[in-house]
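**Q** The structure under discussion is supplied below as structure tokens; questions concerning it will follow.
What follows draws every value from the coordinates through simple rules; no lab data is involved. This is a predicted model, so every value here is computed, not measured. For neighbour counting, all protein chains shown are included, and Cβ atoms are generated from backbone atoms with ideal geometry for every residue, glycine included.
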Amino acid sequence: MKFKKKISKNRFVQFFASIKLTVICLFLLYILTFWGTVAQIQYGLYQAQNQFFHSLFFLVFGFIPFPGAQLVMWVLFVNLICVALTRFIYYSWRQIGILIIHAGLLLFLISGYVTLHSSHESYLNLKEGQASNVSAAYHDWEIAIWESSPQEDPLVNKNHVTAFDVSGLKPDQVIPIKHLDLQLTVKKFYKNCEAYTGDQSNKILSASGIGRLEPTELLKEPEKNTPGGIFQFNINKNKVLDVILYGGEAKPFSFQGEGKTYNVILRLKRYPLPFTLKLVDFKKEEHPGTDMARTYQSLVEILMDHAKREKLISMNDPLRYTDYTFYQSSFSIDKMGNESSVLAVVKNRGRLLPYISTFVTFLGLVIHFVTMAIRSRKD
Amino acid sequence: MIRKVFSIQNIFMLLLLSSLIFPSRSYAQGMCPLDTLKPKKVGSLESFKRIPVLNQGRIKPLESYAQNLLLLFSGKTHYKKETAVEWLARFLFAPRTTFNDKIFLINSPEIAEALKIEPDKHRRYSYNQLSPGYDKLKELAEAISSIDEKNQSVVDKEILRVYSNVLLFLRLSGAFTFAVPHPDFYIESAETRALLNLDNDQTKFSFYNVLEKSEPLSQVAKTLETKEHLLWTDAEKDIGRILSALDFWSQHYSNCPLGLIPTQSPENEEWLSPMDTILGGFFDPAYKQEIKALRDMAVAYWDGSQLAFDINARMFSDSVSKRLSPTEKKITKKIPLELLYNQFNFLAWAKLFYALGFFIFLFSLTFKQKKLYQAAVAMTILGFIPHALALILRISILSRPPVSNLFETFVFVGLICVFLGCILEVVNKNWLGLVVANTCGFILLTIAGKYSAEGDTMQVLIAVLNSNFWLSTHVLAITIGYAGCCVAGIMGHIYILQLLAPKSDAKNSEITYKCMLGILGFGLTMTFLGTTLGGIWADQSWGRFWGWDPKENGALMIVLWCSIIFHSRIAKIINPLGAAVGCILALVNVMWAWFGVNLLSVGLHSYGFTSGIATTLGAYVVIELLFIAVSVIWLGKKNIKF
Amino acid sequence: MDFGKKWIARAVTQEIKDRSFKIMTYYLKYYYRLFICLGMLNFLLGSGNATELRQYEEVFIDVPQKHKMADSDPHAFMGKMPQDDIHSNLNLGDKDLQAQLNQSVAPGALNWVTPNNWLEKKETSGMRLASFMNKDTAYPIETTIVSLAGKAGGVSANVTRWMQQIKLAVPSMEELENFVNQQEKLKTQTGADVILIDLTKWQKETEAQAPSMIAAIIEKEDSQIFVKMTGSRESVIKNKDSLRSLVLSIQEAGSQK
């Protein structure tokens, strides 16, 4: 009893337990939702999401700060806990509905936080017969380096890759890679640029004959930005090479040093998967006589060290494996008629939290409003 | 397509020869002497209506197909005094009689000018009017289709639409040409007729007539192949002409999008047009029988013989039904239901009764009679029955919950609102529920009516939406939630009007207020459930529970707004009047989430329907805000606090 | 009560003022405390640090390539919402025209010789075969090569569209046909017909900086190749010869000469 009383008299808790604060936060969230929806037309979903919903605050007209949804939800979280400490603990069993509702809402806020910070989405594009053990990010890029090693089967590529993200690169930044005896210096880096061939006057090397990079402004759809830069490779403090790397290149750049062949490429960030996935067959069915797809399915084979098994991934039936889920996202057919399937890969540790929260909150809502209805009938 | 009709490959050689002898004529439309002929027509098309056709992925009766086709071309489901199916019969059997029908809707007069056509007051044009501008239309359409869809202007999109309509018209018009006599197959010389074993007292034959004589034809072709073509007799030259006509027809009239005849192979789910079936395998006994039945139907239509027409139509349907797969059979069994649905315009009746119920209520404000109350109850029930029937029929025809397109959501939400109104009335028995039921029913059905005029409301679903448990529960829950909030919104209006009334009854407004909050709570619960189910569905399908998508945001806004009302009440920031205003704004929110967000991607500038929605929505919001402002101020003078 | 328009307007504005004042005071009262929390959180969650190295094993099993053809782009990451009536706006395009358009990007690789004073840009999108820019940045131009199967609209239709793109008034059909007839007609190395459309003729000498265009249409048996050069009027005129030499050098990969 003493602790209950003490905590409910605390000034900080009392301030944050105000229902008026709840109303303000809900109202702010309401405005943000509307604003963020309308802003999507101009800025695209990704940017609007980042600015309005994932951020803590953002600037209006350049200098007025406005809270972002993450901040509002943090305040709501604290508010809810404080209200629980000051009011809910005094509630009787008759008001159990309200308690359950708000417990569920608390779980929602928690699951939102967990999802935001520990889940990521990527994709996997495979032609029939191909297999891979990494998926690619949608718009994060990395520089990947590996050594060439002799392959018995020219179709099977196994490489030990060292990679780092390019999102925070600054000019003159030095990145040492000790285990490969390499040092990389960033000479220039652009988040979006165009590459031009044909200008070989400077002594910069490139895998695709690119001579020059022209930076351009960032586009609102992040997947349309192609980064590029000029990097200096210092091999064991002997050889120095200047290389242009561009995101639109298909082949890596190779160079020799210390008897080894290194390969470097600027590409979408790769996330390792828990197994190697092979696309055995892709099937698409249309509604008869139309062009509308009725269902698409990918028959994949999961190759692990000790076993392999097949699974049919279809529109409503994804492949689930621990934290990972593989969805049938889309497909393409190239000019030669080869079908490739695009799978969306989602890694989310907190996947089940929203389900639990939904159930709890709904239960609470039903109990609450049914008891209210019964009670008003009694009057 | 492999031409199995001509079992001898040498026919190809012959046709090459014949094309040298007879230079290819331009078989342009409109040069036919058949222009002046008119069919006698048949009085009743009952048997014709029922014939199943596969179109846009769904098996439907010809009547529905006719309605959708005419709606697609002209925006209406009838042509002058003819019903859609009567027009379709005339179009299929005697296409040239429809070339002067003004059925092509062209919204923008600019397009008419570009095609050098006199702009018409009613914006509808006939094929003959469009025909001289056809080449220009084709050129424009091809140029536009290479532009990215986002950059196409409204007029560009209209041109594409008109072009695809005209193309469809042309291709469909050839569906039954095989059945009626055509100059290409007129055989004057008796000798030729004798060679082919054709009827000697006729000169006018159809493609079908000639096709039946493929045996003698191929024999003659064999001889012609070896004979030096300068030595051909007149009769043989005649036959050469017939052969080249057959070849031309098989190319020109194939690929017709009228799916009447299912294929024999079980994996192929497509249904072919008569001409395509002929080209694919005329000698299959089932196909042969069906083609003959179709042909006899066409002939009967021209001759005006009802009996022959009906017999052949039934024969055709029976033969087709025997060959269907079990799933297809199940769907065709639903055709009588669909015909029933088409026949009685259930929703119009429901609307009528709801309107009557509302008028009775208005009447009762001045005349207090008990009988009026009973009459109003009767009206509401009479409206509810066809309303529910329509939905039940739709569920059984389409085998899916009735919430797969906007039209259906309006009808469904309307039904739930009326249902909630009825429950309210049973509880309170003070006219409140009746008013709510009738108003909501009428308004929502009127809006639904506008959506049904846009096109086929019974379309198949794309891959993602097919038979998914989470999706159906999500849409059902959310629409029920919308219904709850709509009813609460209407009750907000009623509460304010009750307060504004000269003799305001405190007890009645108290009841209204309590019920309003109760229904709002129900609406909040169901909308919340629907929103979270949507998240679960999204997580099951794409791996993320919440993506801040416009539609998700719209639903979230409703949930947030309703919770704001409840929490403001607890925090004592607002009074009952404020809660009523909040409910009205909740209704505005529902409209925004329902179809306001759909307008965002389109933008506000497009022809006809969508721009209509945008302006109507805008006007509605302005009116509501004015209503709220005026009533709050007026009640403020009466000392009723917000 | 007299509900004249003025009365309503005044009352409404007064109400709005009262309401918004109340809302603002609520907001400000709590705002500065929220702002402090915000600052703390921002500090706690920190900013980026030194680039981390990641290491992983990458396995990729390929299939024998049938032909060395570049893959077409995958369908754009499919909209997350189902494209149905309820969830977003459904634009019903004609399926046949769509199919025709899909087939209309012509196959068959092309070769060309880049003019000396131009640079070729690496293309990542599907429709464009190549694009070029001028080395001399004082007269910037951009040139693109696009190939479409079939007859993608007549010459007049394309010229009309280009004139609209650079905001020129489109003349009457007669004037347009006269103009088209007067344009330069050439033949490429492999004997294909070219028409060189110079739209600078429609602009005055004084409009040196106005956006302009010179384009070439190369007629092949079953496709058309469009070479479009855009830039300011003076830049475009300066580079006309380079455009001509590029156009004349275009030939199908593998063809002789």
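**Q** How big is the Kirkwood radius of segment B:344-460, worked out from every pair of different alpha carbons and given in Å to one decimal? Let's see the in-between values first.
**A** Details: mean 1/r = 0.0693 Å⁻¹.
The answer is 14.4 Å.
**Q** Next question. Label points 7 Å out from Cα along the Cβ direction at residue B:340 and residue B:621: separation in nm?
**A** Once both label points are built, they end up 4.4 nm from each other.
**Q** May I ask for the distance between the Cα centers of segment B:500-514 and segment B:201-264, given as a whole number of Å?
**A** That distance is 84 Å.
**Q** Translational diffusion coefficient of segment A:139-180 at 4 °C, 1.567 mPa s, Stokes-Einstein with Kirkwood Rh over Cα pairs, in µm²/s as a whole number. Working shown, then result.
**A** On the way: Rh = 12.7 Å.
D = 102 µm²/s.
**Q** Based on the Cβ-Cβ distance of residue A:333 and residue A:20, what FRET efficiency does E = 1/(1 + (r/R0)^6) give at R0 = 60 Å, to the nearest 0.05? Working shown, then result.
**A** Numbers: r = 59 Å, r/R0 = 0.98.
Computed FRET efficiency for residue A:333 and residue A:20 comes out at 0.55.
**Q** Taking R0 as 51 Å, what FRET efficiency do you get between residue A:309 and residue B:76 from their Cβ-Cβ distance, rounded to the nearest 0.05?
**A** Numbers: r = 57 Å, r/R0 = 1.13.
Here the calculated transfer efficiency is 0.35.
**Q** Related question: Quote the convex hull volume per residue of segment C:105-252, based on C-alpha atoms, as a whole number of Å³.
**A** Expressed per residue, the convex hull around the Cα atoms of segment C:105-252 is 109 Å³.
**Q** Tell me the GluC sites (Glu not before Pro) within segment C:165-234 that lie in a loop according to DSSP and have at most 12 other beta-carbon atoms within 10 Å. Before the final figure, lay out the partial values.
**A** On the way: sites: C:174, C:175, C:177, C:184, C:205, C:207, C:219, C:221, C:234; in loops: C:205, C:207, C:221.
For GluC sites (Glu not before Pro) across segment C:165-234 that sit outside H, G, I, E and B with at most 12 neighbouring Cβ atoms in 10 Å, the list reads C:205, C:221.
**Q** Enumerate the residues in segment A:115-144 having an amide nitrogen under 12 Å from the point lying 7 Å beyond the Cα of residue A:349 toward its Cβ.
**A** A:115-120
**Q** What do you get when you divide the Cα radius of gyration of segment B:1-331 by 2.2 N^0.38 Å, with N the number of residues?
**A** Numbers: Rg = 21.4 Å, N = 331, 2.2 N^0.38 = 20.0 Å.
Normalised by 2.2 N^0.38 Å, the Cα Rg of segment B:1-331 equals 1.07.
**Q** Let me have the relative contact order for chain A, percent, based on Cα pairs under 8 Å that are six or more residues apart. Present the calculation step by step, with values, prior to reporting the outcome.
**A** Details: 675 pairs, mean separation 70.2, N = 379.
Contact order relative to length: 19 percent.
**Q** Can I ask one more? Based on Cα positions only, what radius of gyration and what Dmax would you give for segment B:510-557, in angstroms?
**A** Taking only Cα atoms of segment B:510-557, I get Rg and Dmax of 14.2, 47 Å.
**Q** Remind me, what semi-axes does chain A give for its equivalent ellipsoid, largest first in whole Å, using sqrt of 5 times each Cα gyration tensor eigenvalue? The partial results should precede the final answer.
**A** On the way: eigenvalues 487, 169, 88 Å².
Equivalent ellipsoid semi-axes, largest first: 49, 29, 21 Å.
**Q** For residue A:214, project a label point 7 Å along Cα to C-beta. Then give me every residue of segment A:164-193 with its amide nitrogen under 14 Å of that point.
**A** Under cut-off, by backbone N: A:193.
**Q** Among A:206, A:135, A:118, which one shows the biggest mean-square fluctuation in a GNM of chain A, springs joining Cα atoms closer than 10 Å?
**A** Maximum among the listed residues: A:118.
**Q** Moving to a separate point now. Residue by residue through segment A:61-76, what is 3J(HN,Hα) from phi via Karplus (6.51 cos²θ - 1.76 cosθ + 1.60, θ = phi - 60°)? Round to whole Hz and write x for glycine and proline.
**A** 6, x, 9, 8, x, 10, x, x, 4, 4, 5, 4, 6, 4, 5, 4
**Q** Could you check the spin-label model distance between residue A:301 and residue C:185? Points 7 Å from the Cα along Cα→Cβ, value in nm.
**A** Taking the two extended label points, one gets 6.0 nm.
**Q** If you take the C-alpha gyration tensor of segment A:1-155, multiply each eigenvalue by 5 and take the square root, what semi-axes do you get, largest first, in whole Å?
**A** Working: eigenvalues 405, 103, 43 Å².
With the √(5λ) rule applied to segment A:1-155, the semi-axes are 45, 23, 15 Å.
**Q** On to the next question. Between segment C:180-257 and segment A:66-116, how many Å separate their Cα centres?
**A** A separation of 67 Å, based on Cα centres.
**Q** Moving to a separate point now. Please compute the Kirkwood hydrodynamic radius of chain B from all pairs of different C-alpha atoms, in Å with one decimal. Don't jump to the answer; show the numbers that get you there.
**A** Values: mean 1/r = 0.0347 Å⁻¹.
Value: 28.8 Å, from the Cα pair sum.
**Q** Less than 17 Å from a label point 7 Å out along the Cα-to-Cβ axis of residue B:429: which backbone N atoms in segment B:356-388 qualify, by residue?
**A** B:369-378
**Q** Going by amide H atoms built from the backbone, whose H comes under 5 Å of the H on residue C:197, apart from near neighbours?
**A** C:215, C:216, C:217
**Q** Let me ask something else about it. Can you compute 3J(HN,Hα) from phi for each residue in segment B:390-405, using the Karplus curve 6.51 cos²θ - 1.76 cosθ + 1.60 with θ = phi - 60°, rounded to whole Hz and x for Gly and Pro?
**A** Values per residue, Gly and Pro as x: 4, 5, 4, 4, 4, 4, 6, 5, 9, 6, 7, x, x, 9, 9, 9 Hz.
**Q** Below 8 Å, C-alpha to C-alpha, sequence gap of six or more: please give me the relative contact order for segment C:105-252 in percent. Walk me through the numbers on the way to the answer.
**A** Details: 259 pairs, mean separation 42.7, N = 148.
Across segment C:105-252, relative contact order equals 29 percent.
**Q** Then there's this: Counting other Cβ atoms within 10 Å, which trypsin sites (Lys or Arg not before Pro) in segment B:118-179 have at most 10 and lie in a DSSP loop?
**A** Hits after loop and neighbour filter: B:121.
**Q** Please list the three semi-axes, largest first and in whole Å, of the ellipsoid equivalent to segment B:463-642, using sqrt of 5 times the eigenvalues of its alpha carbon gyration tensor.
**A** Numbers: eigenvalues 215, 82, 32 Å².
Semi-axes from the Cα gyration tensor: 33, 20, 13 Å.
**Q** Output the relative contact order of segment A:122-178, whole-number percent, from Cα pairs under 8 angstrom with separation of 6+ residues.
**A** Once normalised by length, the contact order is 29 percent.
**Q** Across every pair of different alpha-carbon atoms, what Kirkwood hydrodynamic radius in Å does the protein assembly as shown reach? If you can, show how the numbers build up before the last one.
**A** On the way: mean 1/r = 0.0276 Å⁻¹.
Radius from the Kirkwood sum: 36.2 Å.
**Q** Taking amide hydrogens as modeled 1.01 Å from N in the peptide plane, which residues meet the under 5 Å criterion relative to residue A:257, leaving out close sequence neighbours?
**A** Those qualifying (amide H under 5 Å, at least 5 residues apart or on another chain) are A:262.
**Q** Label-point separation (nm) for residue B:322 and residue C:249, each offset 7 Å from Cα along Cα-to-Cβ?
**A** According to this spin-label approximation, the distance is 7.1 nm.
**Q** Which loop GluC sites (Glu not before Pro) in segment A:193-275, with loop taken from DSSP, have no more than 11 other Cβ atoms within 10 angstrom of their Cβ? Show your work: numbers first, answer last.
**A** Working: sites: A:194, A:217, A:223, A:249, A:258; in loops: A:217, A:249, A:258.
Taking segment A:193-275 and a limit of 11 other Cβ atoms within 10 Å, the loop GluC sites (Glu not before Pro) found are A:217.
**Q** Can I ask one more? What range in chain A is the longest one free of trypsin sites (Lys or Arg not before Pro) that are in a loop by DSSP and have at most 12 other Cβ atoms within 10 angstrom?
**A** Values: sites that count: A:203, A:237, A:335.
Value returned for the longest uninterrupted segment is A:1-202.
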